[in-house]
Amino acid sequence: MNVPLSNSWIFPIVQSIHLAGIAGWVGATVLVDVRILGRRPVAQLAARLAPWSRAGLAIMLATGPMLFLSDATRYSSNPAFRVKMALLLLALVFHFTVHRKHTRLTAIVSIVLWSAVVIGGRAIADFDV
């Protein structure tokens, strides 16, 4: 099912909003992770970044399905998209479970997972079949 979004000027706007959401979510998460790696208290920083984080996640989760539905057949057959979705699921589960322990190991794993999700998203264009 292709939604008219795929061949219109709306697609790059939705994609840009999606990227802004990713920047808000991943940016806030990585800032907290870097703070953990520096062995500094994270509670105050995490509280200050929480609105950016929540807004970024909401934007990301709202616009992602729109982008997918614009050309579901293309994305479904794209290996980079599949890898990105698997990594996204893993990163979200990790974030809302293990990551809350705020240890150096969880910070490192978090940075690696979210970096892999972003790289996977970028790779979608390179693996169109």
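The values are calculated or read from the model by the stated rules, or taken from the named source; none is laboratory data. Bear in mind that the values here come from a model prediction, so they are computed numbers and not experimental data. Cβ: placed from backbone, ideal geometry, glycine included. Neighbour counts: every protein chain shown.
Give, as residue ranges, the helices (runs of 4 or more DSSP H) completely inside the stretch 39-103 that count at least 2 residues that are more than 21 Å from Phe11 (Cα to Cα) and either among the acidic types (Asp, Glu) or in contact (Cβ under 8 Å) with a residue 24 or more places away in the chain (or both).
Once the helices (runs of 4 or more DSSP H) in the stretch 39-103 are filtered for at least 2 residues that are more than 21 Å from Phe11 (Cα to Cα) and either among the acidic types (Asp, Glu) or in contact (Cβ under 8 Å) with a residue 24 or more places away in the chain (or both), what remains is 43-70, 79-96.
From the residues in the stretch 63-87 that are of a type outside the set (Val, Ile, Thr) and within 12 Å of the chain's Cα centre (by Cα), which one is surrounded by the fewest Cβ atoms within 10 Å (Cβ to Cβ)?
Ala86
Could you run through the stretch 60-85 and say how many residues are among the basic types (Lys, Arg) and at pLDDT below 95?
1
Quick check: anything in the stretch 87-100 over 16 Å from Gly27 (Cβ atoms) and of a type in the set (Gly, Ala, Ser)?
For the stretch 87-100, residues over 16 Å from Gly27 (Cβ atoms) and of a type in the set (Gly, Ala, Ser): absent.
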